[in-house]
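Report on the structure given below.
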Amino acid sequence: MIELRTLGALDLRKQGKEVRAVLQQPKRLGLLAYLAMATPRRFHRRDALLGMFWSELDQSHARAALRRALYFLRQALGDEAVVGRGDEELAVAESLWSDVGEFEAAVAAGDFRKAAELYRGDLLEGFYVSQAPEFERWLDLQRSHLREQAALALKALTEEAERNREWDAAAGWARRAAALSPYDEAAFRKTLSLLERTGDRSGVIKAYDEFAARLLSAYEIEPSPETRDYVAELRAQDNAPRATPSRPRESPAEAPLPLDPRSVAVLPFTVRGNSELNYLAEGMVDLLSTKLEGAGDLRTIDPRSLLSALAHRDDAGVTPETGRAIGHHFGAGSFLLGSIVAAGGQLEMSASLFKTDGDAVATAEARGEAESDIFAMVDELARQLLGGRSRAPRGRLTRLAALTTGSLPALKAYLRGEHDLRQVKYLTALDGFQQAISADPEFALAYYRMAAATAASAMPELAREAAAKANDLRDRLAPRDRILLDAQRAWLAGATGEAESLYQATVTNYPDDLEAWFLLGDLRFHSNPLRGRSVVEAKPAFERAVALDPDHVTALVHLVRIAALEGNATERDRLIARVIGLSPEGDRAMPMEALRAFAQRDRKAMETVSARLQEARPLVAGVAFADIALYSGNLAGAEQLGRSVMRTVRDGELRALGHIVLAHVLGALGRWKEARAELLAAEPTAPAWALEVRALFSALPFAPVDAPDLAADRAALDAWNPNTAQPHHHIAFAAHNGVHPHLREYLRGLLAMRADD
């Protein structure tokens with residue numbers, strides 16, 4: 001654990017009983033930790049501290065609570081422990097020392113051994129302050145930031161040991177690095193390869209068994225085929241018994257898949273007798289899939305993929321023939337058909353489980369008196385159906401309400417949200433999920449899906465909040481949802497490597513999961529350029545998403561962009577027409593029209609779409625500007641549109657991003673002075689990025705730079721302490737989290753070269 005300690009006059013180790021009293025008061029200890037660790041070290045306004053620690057109290061009571069906390073800390077640690085500036089600002093004394101600050105200084109100085117020695121686990125692990133959600137969010141952010149810093153230090157130590165051919169040391173550092181991301185298979189494979197270099201094959205097999213057990217326990221999935229084959233080969237070489245685990249389907253190809261007896265496709269139910277129950281036609285796909293997923297060895301076909309496949313068929317109703325076709329399409333060994341009938345004041349629910357290549361193997365019936373009995377009826381159907389299978393479930397069946405909600409209004413709102421999310425109507429989907437959460441504040445699945453909707457709507461802060469709440473309730477999620485939630489949280493925190501590994505694990509074990517395929521592509525598309533990798537790596541994942549759902553507008557939009565980057569104008573325009581045809585009123589249509597107009601340099605179309613963008617939502621206009629700047633090849637048009645769009649944007653981070661993109665456009669047009677002005681405009685919100693990009697522009701050998709500007713940039717970099725850079729959560733800015741110290745040194749070197757120093 002990274003601990004909070006002090007030196008000199010405030011040496012906690014010499015305070016005994018008084019210090020233990022501080023440690024026994026979570027809110028007061030939290031206040032001390034925040035004042036000591038918030039970067040940069042500065043004075044904090046009392047009002048901000050009240051909102052962070054006593055938001056549940058009115059102003060007078062909150063101020064009284066803060067005064068008592070300060071009095072208590074000064075009594076325990078000395079009057080000089082917390083100092084004030086005027087009546088409204090507070091800070092800890094300069095003499096207060098914490099190993100957090102020492103750790104970050106060691107990383108910044110490149111003293112990775114010292115950093116590794118200081119980092120002994122998550123910051124304040126297990127520490128919790130009740131009724132202080134802002135502090136908990138700050139603490140989660142700090143834990144993630146410090147964990148990333150530790151991973152960087154351990155990676156550097158691993159590489160150093162490899163260069164020196166110190167294989168035992170390298171394996172040890174790699175093992176510690178992998179432990180920081182316990183489900184990151186890429187980091188784990190690095191550990192295995194180094195263990196093998198040391199000759200410790202038994203260690204490789206033991207580590208693999210532990211990793212496989214961890215994946216099975218957390219998510220009920222297996223390691224990738226590559227990892228399994230690698231370890232199986234070692235077992236064979238050692239004449240150890242070779243494991244033959246059942247292998248999930250991992251190929252994204254569209255060829256017919258072999259039937260998997262573990263996999264079941266739940267088809268929409270037929271609803272008769274009461275039109276108010278029509279929401280259960282699709283709803284039963286979601287409910288029974290959630291209920292059956294992970295029951296024993298069962299896997300259910302992803303509802304989004306299944307309903308999309310059905311939408312592209314011409315069947316008049318859902319019949320056994322439909323079920324067999326869908327089963328073969330997804331490689332499902334069985335499929336489920338059912339009906340709901342309202343008659344005589346009662347509900348009757350029936351279902352039949354068929355083998356895809358055979359007859360019915362189980363039937364079930366359930367009755368209820370009212371709509372609110374749906375939860376119990378679904379539970380009863382599942383119990384009967386599973387009892388009719390030749391292999392009974394190995395685990396205890398969880399009640400449907402425990403995996404979803406016990407509130408009928410919440411369930412109905414959630415199912416509306418799911419339907420709208422499948423239709424790429426993010427804002428209306430968000431409204432449904434919010435209603436579901438209002439009706440049931442413990443509805444974990446609704447929080448997770450709300451995070452997905454807000455992330456897709458470029459509202460990362462709301463997405464993080466929803467994902468954090470879903471994580472608090474993760475015991476109420478099925479294993480597949482847990483792994484997607486963890487991937488989502490990792491990505492929102494900027495840990496793209498961990499998120500990519502989790503998405504890859506999902507599509508390996510659940511090859512029909514439309515959302516996971518799309519998000520894997522989305523992550524690679526947006527993150528790869530910032531990792532030195534090509535966005536074209538995202539293309540197969542998007543193509544697989546479109547194969548599962550030919551109407552997946554967002555995946556098609558990304559394929560438009562990739563085609564533009566590849567210079568394939570014919571494919572670009574074909575896909576744009578497809579997007580507009582599928583969603584002429586959607587948020588993606590206008591940016592696609594704008595991209596086509598500006599790429600073709602069609603002046604009349606450019607004027608028309610530019611006028612329409614003036615009336616569009618800021619997000620739509622911002623996407624259009626970014627698309628034109630990046631993919632149209634029409635920089636002059638991009639500048640003109642960008643200046644117009646910037647007048648409509650109010651969100652701070654989006655506005656800063658707009659200034660930075662516009663600066664790049666102006667630089668590409670050779671107008672470097674104006675580009676610097678745009679970067680200065682971005683500085684209040686994104687100071688680290690603005691400085692780094694400004695320095696990069698000055699370092700470009702083809703960009704003119706005045707001697708005073710060059711000197712100013714060098715001085716700014718020399719004076720800047722990159723450890724004070726606040727972590728960003730916007731997907732574009734998060735890529736530099738944790739690496740600002742390295743970028744600073746790199747840029748200092750470039751500018752020294754430019755100055756002939």
Pairing the Cα long axis of helix 514-527 with the longest principal axis of the chain, what angle in degrees results, from 0 to 90 and rounded to the nearest 10? 20
Pseudo-spin-label distance LEU700 to LEU669, built 7 Å along Cα→Cβ, given in nm, is 1.3
Can you tell me the relative contact order of the stretch 563-688? Whole percent, Cα pairs under 8 Å, sequence separation 6 or more. 18
Residues whose modelled amide H sits under 5 Å from the amide H of SER263, counting only those 5 or more places away in sequence or on another chain, are ARG299, GLY333, SER334
What FRET efficiency, computed as 1/(1 + (r/R0)^6) with R0 = 41 Å and r the Cβ-Cβ distance, is obtained for ASP718 and ARG313, rounded to the nearest 0.05? 0.05
Out of all DSSP beta bridges in the chain, what portion is antiparallel? Express it as a percent rounded to 5. 75
Using the per-residue mean of other Cβ atoms lying within 10 Å as a proxy for protection, in what order, highest first, do the peptides 401-407, 357-363 fall? 401-407, 357-363
For the stretch 332-465, calculate the relative contact order in percent as a whole number, restricting contacts to Cα pairs under 8 Å that are 6 or more residues apart. 14
accessible surface per residue for the stretch 157-208, probe 1.4 Å, DNA/RNA/ligands not counted, whole Å² -> 50
Between the residues ALA174, PRO303, LEU473, the Cα farthest towards the positive end of the dipole of the chain, that dipole coming from +1 and -1 charges on the beta-carbon of Lys, Arg, Asp and Glu, is from ALA174
Compute the distance in nm between two label points, each set 7 Å from the Cα along the Cα-to-Cβ direction, one at GLN726 and one at GLU166. 3.9
Note down the nm distance, to one decimal, between modelled labels 7 Å out along Cα→Cβ at GLU56 and at SER95. 3.6
Solvent-accessible heavy-atom area per residue, rounded to whole Å², over the stretch 590-636 at 1.4 Å: 46
Scoring only Lys, Arg, Asp and Glu (+1, +1, -1, -1) among other residues with Cβ under 11 Å from the Cβ of ILE660 yields -2
Cβ-Cβ cut-off under 15 Å around PRO584, Lys and Arg +1, Asp and Glu -1: the net charge is +1
With θ taken as phi - 60° and the coefficients 6.51, -1.76 and 1.60, list the Karplus ³J(HN,Hα) couplings across the stretch 562-567 in order, rounded to whole Hz; mark glycine and proline as x. 5, 4, 5, 5, 7, x
Magnitude of the Cβ-charge dipole (Lys and Arg +1, Asp and Glu -1) of the stretch 176-243 about the Cα centre, nearest 20 debye, reported as 220
At 0.36 nm per residue, minus the direct Cα-Cα distance, what do ALA402 and GLU134 gain on full extension? Give it in nm, one decimal, please. 93.7 nm
Using mean Cβ contacts within 10 Å as the protection proxy, how do 199-210, 323-334 order, highest first? 323-334, 199-210
Can you show me the helix-derived [θ] at 222 nm for the chain, built from DSSP H runs with n ≥ 4 at -39,500 (n - 2.57) apiece and divided by the number of residues, rounded to the nearest 500. -19000 deg cm²/dmol
Efficiency of FRET from Cβ geometry, ARG67 and GLU585, R₀ 56 Å, rounded to 0.05: 0.50
Tell me the relative contact order for the stretch 134-229 as a rounded percent, counting alpha carbon contacts under 8 Å between residues six or more apart. 18
Percent accessible area from carbon and sulfur atoms, the chain, protein chains only, probe 1.4 Å: 52
Which residues qualify? For THR270, with a placed amide H closer than 5 Å and at least 5 residues away or on another chain, they are GLY338, SER339, ILE340
Working out 0.36 nm times the residue gap between GLU80 and LYS604, then minus their Cα-Cα distance, what length gain in nm do you get to one decimal? 181.7 nm
Which one of LEU630, THR363, ALA109 is farthest out on the positive end of the charge dipole of the chain, using unit charges on Cβ (Lys, Arg +1; Asp, Glu -1) and the Cα centre as origin? ALA109
Projected onto the charge dipole of the chain (+1 at Lys/Arg Cβ, -1 at Asp/Glu Cβ, origin at the Cα centre), which of GLN614, TYR414, ALA663 gives the Cα projection farthest towards the positive end? ALA663
Taking θ as phi - 60°, what are the ³J(HN,Hα) couplings along the stretch 126-134 by the Karplus curve (6.51, -1.76, 1.60), each to the nearest whole Hz, with x for Gly and Pro? x, 7, 8, 10, 6, 6, 9, x, 5
About the Cα centre of the chain, how large is the charge dipole given +1 on each Lys and Arg Cβ and -1 on each Asp and Glu Cβ? Please answer in debye to the nearest 20. 720
Sequence order, the stretch 692-699: Karplus ³J(HN,Hα) from phi using 6.51 cos²θ - 1.76 cosθ + 1.60, θ = phi - 60°, Hz rounded, Gly and Pro as x, gives 5, 5, 4, 5, 4, 4, 5, 7
My understanding is that a pair violates if its Cα-Cα distance is over 21 Å; which of LYS291/LYS412; LYS291/LYS355; LYS114/LYS155; LYS539/LYS604 do that in this structure? LYS539/LYS604
With just the Cα atoms defining each centre, how far is the stretch 418-469 from the stretch 303-334? Give it in Å. 27
Calculate how steeply helix 603-615 sits against the longest principal axis of the alpha-carbon atoms of the chain, using the helix alpha-carbon long axis, and give the answer as 0 to 90 degrees to the nearest 10. 80
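The values are calculated or read from the model by the stated rules, or taken from the named source; none is laboratory data. Being a predicted model, the structure only gives us computed values, none of them experimental. With ideal geometry, Cβ positions are generated from the backbone for all residues, glycine too; neighbour counts draw on all protein chains shown. For accessibility, only protein heavy atoms count, side chains too; no ligands or nucleic acids. Shrake-Rupley method; radii C 1.70, N 1.55, O 1.52, S 1.80 Å.
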